[in-house]
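Data first, discussion second: the structure below is written as structure tokens.
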Ligand SMILES: *Cc1c(COP(=O)(O)O)cnc(C)c1O
């Protein structure tokens, strides 16, 4: 089976992890700050907070921005559930903005219209989470302008998009948002096994996320309500979590980021090759916005079902039967039973639902060979009888 995504681990990664295993510190040692500095420097952000997953980073980002009961977070329905669940962890309500069918990112037109309506009913969002779907940045300048106009904060869910560029600058630099979140799950662009990171240029937001990452405990006398009792002393000053990244994970991340540009270049080349070889088939490919250079986490095609004599499900099954590990990103979050119980229903976000009825993610990862890619392309042509 050719999987839809997979990690790329080399001997340098193995050596970096082994070195930590032989060292004094498996966690809370020197590697976490080293990895944080490497990501912050790559992206051009001032602060980076490494955690045990992007899910944790999204949760901490919402907490740092003060999201709580009675508040509202908006995001795209075509995302992984974690982009939405973070608001529910904080007791906040959620809503969705339908996608632009061409890029599958949150539609800025739909966002502006929904904000206009929300302003009239007094239910404006406190936070909007643009998700850089498949690695292509959202139209951040426009979303940022709307944030200024309507007073919401912005968390970029860049789980797919480390290494992507927007207006020729690295995603994560925080020019158009308060916090940017990355995932280092093995299917993503670089990996730490499990892991995530939150980037910001705001020292107070970073300080809050650092505090909440580790139980709400501080050893900094300046944060305590009285002088330390002694050198052993710490205070718990907030209710935090154990969301720490280990040094084992951080060593892997610090080694992986050395090859980030190489990984993205390879993904981009494979995506271009797919574009060329799939052109002419009854498929719609994701449109790339001229402001954006995608990190190409996913390569998604949409079946033009009116030109194909098979159903979406049949094409998907035919590909799996041929050993092609196709996948579907994502089931619209508002149709999940948990969210239906909160009142969402089919028909609420028609572009997202139509996308779901047509989309297939083809294998794409740095280690995919051209021979394997040719096999995928041949299987797609056969599956749709083209
Ligand atoms: C993978 C992913 C997450 C969650 O990342 P984890 O590191 O697995 O917690 C969140 N949002 C999106 C869009 C993702 O793809």
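Here is a list of conditions, (1) under 30 Å from residue 19 (Cα atoms); (2) over 21 Å from the mean Cα position of the chain (by Cα); (3) assigned to a loop (DSSP other than H, G, I, E, B), and residue 248 meets all of them except one; can you say which number that is?
(3)
List every residue pair whose Cβ atoms lie under 9 Å apart, where the two residues are 6 or more positions apart in sequence or sit on different chains, the first residue falls within the range 55-82 and is over 17 Å from residue 332 (Cβ atoms), and the second residue, located anywhere, is near the ligand (Cβ under 8 Å from one of its atoms) and in a helix (DSSP H, G or I).
As it stands, the answer is 55/82; 58/82; 58/83; 59/82, since those pairs meet every condition given.
Is there a residue in the range 7-18 that is within 16 Å of the ligand (Cβ to nearest atom), out of contact with any strand residue (DSSP E or B) (no Cβ under 9 Å at 6 or more places or on another chain) and modelled with pLDDT of 95 or more?
yes
Which of (1) out of contact with any strand residue (DSSP E or B) (no Cβ under 8 Å at 6 or more places or on another chain); (2) within 18 Å of residue 256 (Cα to Cα) does residue 207 not meet, given it meets every other one?
(2)
Condition check: surrounded by fewer than 18 Cβ atoms within 10 Å (Cβ to Cβ), outside any helix (DSSP H, G or I) and over 20 Å from the mean Cα position of the chain (by Cα). Does residue 269 satisfy that?
No: the conditions fail for residue 269.
Yes or no: residue 191 crowded, with 17+ Cβ neighbours inside 10 Å, touching a residue at least 40 places away in the same chain (Cβ under 8 Å) and out of contact with any helix residue (DSSP H, G or I) (no Cβ under 7 Å at 6 or more places or on another chain)?
Taking the combined requirement at face value, the residue does not satisfy it.
Testing residue 238 on (1) more than 19 Å from residue 132 (Cβ to Cβ); (2) assigned to a helix (DSSP H, G or I); (3) away from the ligand (no atom under 16 Å from the Cβ); (4) in contact (Cβ under 8 Å) with a residue 24 or more places away in the chain, one condition comes back false. Which one is that?
Of everything listed in (1) more than 19 Å from residue 132 (Cβ to Cβ); (2) assigned to a helix (DSSP H, G or I); (3) away from the ligand (no atom under 16 Å from the Cβ); (4) in contact (Cβ under 8 Å) with a residue 24 or more places away in the chain, residue 238 misses just condition (2).
Would you kindly identify the strands (runs of 3 or more DSSP E) lying entirely within the range 94-185 that contain at least 1 residues that are crowded, with 18+ Cβ neighbours inside 10 Å and away from the ligand (no atom under 14 Å from the Cβ)?
So the answer is 127-129, 153-157.
For residue 39, which of the numbered conditions (1) in contact with a strand residue (DSSP E or B) (Cβ under 9 Å, 6 or more places away or on another chain); (2) part of a helix (DSSP H, G or I); (3) more than 30 Å from residue 284 (Cα to Cα); (4) away from the ligand (no atom under 16 Å from the Cβ) fails to hold?
(4)
Report, by residue number, each residue of the range 294-324 that is touching a helix residue (DSSP H, G or I) at 6+ places or on another chain (Cβ under 8 Å), assigned to a loop (DSSP other than H, G, I, E, B) and surrounded by 13 or more Cβ atoms within 10 Å (Cβ to Cβ).
294, 295, 296, 297, 298, 308, 310, 322
Going by the structure shown, is residue 222 assigned to a helix (DSSP H, G or I) and within 16 Å of the ligand (Cβ to nearest atom)?
In short, no.
The values are calculated or read from the model by the stated rules, or taken from the named source; none is laboratory data. Computed from a predicted model, the values in this text were never measured in an experiment. A quick note on method: Cβ atoms are made from the backbone with ideal geometry, for glycine too, and the neighbour counts reach across all protein chains shown.
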